[in-house]
């Protein structure tokens, strides 16, 4: 029996703008891979960047007590990178892309909440004028792809028919 596309399936390659596909297939998998490498290579440096506080970071990263948490975080980023660089590349079905984008959006929201927690809450988090280069890099690499996922999920910019 031939491999037939499911009913109501729409091709992602013809439905989504190139900018969306490049963001989800190329840019963000690289960002996610970089995040994984950061927590695997230098978890204490990652904690220091996230908390903006070296003393707090030294307590946040005790390799014996919670090193496994950084390994789990790295694993989650590797899953992100794999899903985008491999699964989305192999599946040309807009419904699957939307479902994966929903799941990644859930992760994005929780990541942003954790980023606010890391610096002591929302009041500190939104003081943009004191952000470091690390803060801005995390913002750009999170919010750009997050915006693309919102657009895909809501169907904004998606070609009809």
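Residue 68: at pLDDT 90 or above and either part of a helix (DSSP H, G or I) or surrounded by 15 or more Cβ atoms within 10 Å (Cβ to Cβ) (or both), yes or no?
For residue 68, the condition - at pLDDT 90 or above and either part of a helix (DSSP H, G or I) or surrounded by 15 or more Cβ atoms within 10 Å (Cβ to Cβ) (or both) - is met.
Can residue 107 be described as surrounded by 14 or more Cβ atoms within 10 Å (Cβ to Cβ), in contact (Cβ under 8 Å) with a residue 60 or more places away in the chain and outside any loop (DSSP other than H, G, I, E, B)?
No: the conditions fail for residue 107.
Can you find even one residue in the range 81-91 that is surrounded by fewer than 18 Cβ atoms within 10 Å (Cβ to Cβ), within 24 Å of residue 125 (Cβ to Cβ), free of Cβ contacts under 8 Å to residues at least 40 places away in the same chain and in contact with a helix residue (DSSP H, G or I) (Cβ under 8 Å, 6 or more places away or on another chain)?
No, every residue in the range 81-91 fails to be surrounded by fewer than 18 Cβ atoms within 10 Å (Cβ to Cβ), within 24 Å of residue 125 (Cβ to Cβ), free of Cβ contacts under 8 Å to residues at least 40 places away in the same chain and in contact with a helix residue (DSSP H, G or I) (Cβ under 8 Å, 6 or more places away or on another chain).
The values are calculated or read from the model by the stated rules, or taken from the named source; none is laboratory data. Since the model is a prediction, treat every value here as computed from it, not as a measurement. Positions of Cβ are generated from backbone atoms using ideal geometry, with glycine treated the same way; all protein chains shown enter the neighbour counts.
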